[in-house]
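Structure first, then comments.
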């Protein structure tokens, strides 16, 4: 009987040590190793989601700074009476193919030779420039092509500092909906 008691006692000790996993496995439930693996997956998933959320927040902050900066630039243009006109509002430039969204309009001439002279002076001063010859109307000289208002503002400051500055300058917005490109 003593042998059986020792055996039963040993069996109880073994079952108590591994009974949970044994009983869980017998019942088709996850074992402690399965639970630990699942916990690790949950932690990794939450860290990945946190990294994505942090990245999105950084992008949001950059975008907010960009918008604030662009609004400040637009306000500066308005204070200097430099207005932005969409290409659809400029009858002589409708249908013109332009390589950038924003352009400084620095002059308009009846005589093409005057427009060509201004284009040459602007190019000599380091500005990318061209004249636009509409079907009818004045020959328009545009310069400083840019895709953003902020980068256009940098070119505008450089233009103001040059000896070619015309205080009647304005900005042409060849928005994608209005441009033919």
Q | Sorted by Cβ density within 10 Å, fewest first, the residues 73, 105 | A | 73, 105
(Q) Highest mean first, how do 30-39, 156-165, 53-62 rank when packing is the count of other Cβ atoms within 10 Å averaged over residues? (A) 156-165, 30-39, 53-62
**Q.** Stokes-Einstein D for the stretch 29-79, Kirkwood Rh over Cα pairs, 37 °C, 0.692 mPa s (µm²/s)
**A.** 230 µm²/s
Q: Using only C-alpha positions, report the orientation-averaged shadow area of the convex hull of the stretch 81-173, nm², one decimal.
A: 5.5 nm²
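Need the full-extension length gain, residue 148 to residue 36, defined as separation in residues times 0.36 nm minus the C-alpha distance. One decimal, nm.
In short, 35.1 nm is gained.
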**Q.** Label-point separation, residue 72 to residue 49 (7 Å along Cα→Cβ), nm
**A.** 3.7 nm
Q) Can you give me the relative contact order of the stretch 81-173 as a percent, contacts being Cα pairs under 8 Å and 6 or more apart? A) 43 percent
Q: Rank these for me by crowding, 74, 47, 122, 98, going from fewest to most other beta carbons within 10 Å.
A: 47, 74, 98, 122
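If neighbour count is taken as other Cβ atoms inside 10 Å, put 63, 103 in order from fewest to most.
Numbers: 63 10, 103 28.
With the fewest neighbours first, 63, 103 line up as 63, 103.
We did not get these values from a lab; they are worked out from the coordinates using the rules stated. Keep in mind that this is a model prediction, so the values were computed, not measured. Counting neighbours? That spans all protein chains shown, and the Cβs are built from the backbone with ideal geometry, glycine included.
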